[in-house]
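Some notes on the structure that comes next.
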Amino acid sequence: MRAAVMRAFKQPLGIEEIEISQPGPREVLLRTAATGVCHSDLHVIDQAIPVPPPIVLGHEPAGVVEAVGELVTHVQPGDHVIGCLSAFCGNCEYCLSGRPNMCGGAATMRPRTGPPRLSKDGATINQFAHLSSFAEKMLVHENAVVKIRKDMPLDRAALIGCGVTTGLGAALNTAKVPAGSTCVVIGCGGVGLSAIQGCRIAGASRIVAVDTMPWKLELAKTMGATDGVSASEGDSVKAVQSLLGGGADFAFECIGTKQTAAQALAMVKKGGAAVWVGVVPIGQLAEISAFDVVISGKRILGSMMGDNRFRVDMPRYVDFYLSGQLKLDEMISARLKLDDVNHAFDEMRKGTAARSVIVFDA
């Protein structure tokens, strides 16, 4: 099969013919229909997330089940599914306490002593986030997929696999935004636009979008933002505080820099919560005022993949889309072929795309 392989950090991905194994016990072979291009993939390329090459990236997919191994019970050939990096074992402390997104899914991986899922000329190619969706097919554990309705377009379903689940979940699961709350969202990419929609669906009264790109602020308003603040024009913290009479109830940081993480805390009022959603590169520390946290009674909430229980959440988000509550079409900046994956990353670096989707031939 054809796949985009990262052979070295900070280099373009190469389109190669590689081998994919047959499904073993509890494994599912998928035909990839579409996959979103997420900023976390770029973090790996730029060596901000230490995942060693050679590796096939991609972790925001939707596809169709082609074959299943022994003991698989959740899906069968022909089913439409969304893949999620929050693969869960079902037996650990986190799974059994209702936090499967924290499991890590190590138990769902093949043992190192066995044949790899992906390889080329006998050499192992690593799998990223239990998925590796920049490929025509995927071989995954059944606990990395969820069956969805067949009337859901798969190119839009793919967005739910990571960015939408992360943003919506930050508002609905992590923050549990009460109706009437005031919210600010820093960063209007795929995750930020989804956080805005989560705040809207929850019934927030004011939603302030913050970004440096005017077109993203306009797009944010179509998603539910009531106000826009340009971070390239003056002090965005003071602008938010002025708009909301001292600050927001919740501030969602959806970029992943230490500067915006600190700004999120400064943008909330007394008793408010900063929700850190974006992945700050390993080793970087955010400078915050501990005095402000204590004296103002502020909270910092870490949101890992929107605190998802994806087998429950994702079919619900599909229903949101099909009922008109969740906007996905407007988030797709471009539909590209696998050969154009490096172009998608170039657009991401320039900030000219909300979400690019790699679409595979049927």
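Could you pull out every residue, at least 5 positions away or on a different chain, whose amide H is within less than 5 Å of the one on VAL268? Hs are placed 1.01 Å off N in the peptide plane, and Pro or chain starts have none.
Those qualifying (amide H under 5 Å, at least 5 residues apart or on another chain) are ALA248.
Once you've got the GNM for the chain with C-alpha springs shorter than 10 Å, pick whichever of GLY297, GLY36, GLY58 has the biggest mean-square fluctuation.
Largest GNM mean-square fluctuation: GLY297.
Kindly put LEU131, LEU42, LEU243, LEU154 in sequence by how many other C-beta atoms sit within 10 Å of each C-beta, fewest to most.
The order, fewest Cβ neighbours first, is LEU42, LEU243, LEU154, LEU131.
Which one of THR73, THR35, THR166 has the biggest mean-square fluctuation once the chain is modelled by GNM with Cα springs under 10 Å?
Comparing THR73, THR35, THR166 in a Gaussian network model of the chain, the most mobile one is THR73.
When the Cα centres of the stretch 22-76 and the stretch 297-362 are compared, how far apart do they sit, in Å?
Their Cα centres are 15 Å away from one another.
Quick test of the membrane-span-like rule: which DSSP H helices of the chain reach at least 20 Å along their long axis (C-alpha atoms) with mean Kyte hydropathy at least 0.5?
Long hydrophobic helices here: none detected.
Return the subset of LYS238/LYS298; LYS258/LYS327; LYS176/LYS337; LYS137/LYS176; LYS137/LYS216; LYS120/LYS258 for which the Cα-Cα distance in this structure is over 27 Å, preserving the input order.
Long pairs (Cα-Cα over 27 Å): LYS258/LYS327; LYS176/LYS337; LYS137/LYS176; LYS137/LYS216; LYS120/LYS258.
Enumerate the residues in the stretch 255-273 having an amide nitrogen under 15 Å from the point lying 7 Å beyond the Cα of LYS238 toward its Cβ.
267
What are the residues whose amide H is under 5 Å from the amide H of ILE125, where those residues sit 5 or more places off or on another chain and H is modelled from the backbone?
Distant-sequence amide H within range of ILE125: LEU118, SER119, LYS120.
HN-Hα J couplings of the stretch 176-181 from phi, Karplus 6.51/-1.76/1.60, θ = phi - 60°, integer Hz, Gly and Pro as x?
Once θ is set to phi - 60°, the couplings for the stretch 176-181 become 6, 4, x, 4, x, 6 Hz.
Using Cα centres only, tell me the gap between the stretch 186-213 and the stretch 111-172 in whole Å.
One Cα centre to the other: 26 Å.
At GLU70 and ARG149, where each label point lies 7 Å from the Cα along Cα→Cβ, what is the point-to-point distance in nanometres?
3.7
Taking the Cβ of each residue in GLU66, GLU253 as the centre, tally the other Cβ atoms inside 10 Å and list the residues starting with the fewest.
Least crowded to most crowded, the residues run GLU66, GLU253.
Can you run phi through the Karplus equation (6.51, -1.76, 1.60; θ = phi - 60°) for the stretch 49-56 and list ³J(HN,Hα) in whole Hz, with x for Gly and Pro?
Values per residue, Gly and Pro as x: 10, x, 10, x, x, x, 8, 9 Hz.
Using just the helices of the chain, give the 222 nm mean residue ellipticity in deg cm²/dmol: DSSP H runs with n ≥ 4 each add -39,500 (n - 2.57), and the total is spread over all residues, rounded to 500.
My calculation for the chain gives -7000 deg cm²/dmol from helical runs alone.
Given the options ALA62, ALA175, ALA290, state which has the largest fluctuation in a GNM of the chain using a 10 Å cut-off (strictly under) for Cα springs.
ALA290
How much of the DSSP beta bridge set in the chain is antiparallel, as a percent to the nearest 5?
Close to 55 percent.
Setting aside same-chain residues fewer than 8 positions from LYS221, which aspartates and glutamates have a Cα under 13 Å from its Cα?
The qualifying aspartates and glutamates are ASP211, GLU330.
Kindly put MET138, MET331, MET348 in sequence by how many other C-beta atoms sit within 10 Å of each C-beta, fewest to most.
Arranged by neighbour count, lowest to highest, MET138, MET331, MET348 become MET348, MET331, MET138.
Please give the contour-minus-distance gain from ARG311 to SER97: 0.36 nm per residue of separation, less the Cα-Cα distance, rounded to one decimal in nm.
75.5 nm
Pull up all non-local amide H partners of ASP79: gap of 5 or more, or a different chain, and H-to-H distance under 5 Å with H placed in the peptide plane.
Residues meeting the amide H criterion: VAL65.
Convert each backbone phi in the stretch 23-37 into a coupling constant with the Karplus relation 6.51 cos²θ - 1.76 cosθ + 1.60 (shift: θ = phi - 60°), then list the ³J(HN,Hα) values in order as whole Hz, x for Gly and Pro.
Per residue, the Karplus-derived 3J(HN,Hα) values read x, x, x, 6, 9, 10, 9, 10, 8, 6, 8, 7, 8, x, 9 Hz.
Throughout, read-outs are computed from the coordinates displayed, never taken from laboratory work. As the structure is a computational prediction, the values presented were derived from the model and not from experiment. Here the Cβ is made from the backbone with ideal geometry for all residues, glycine too, and neighbour counts use every protein chain on show.
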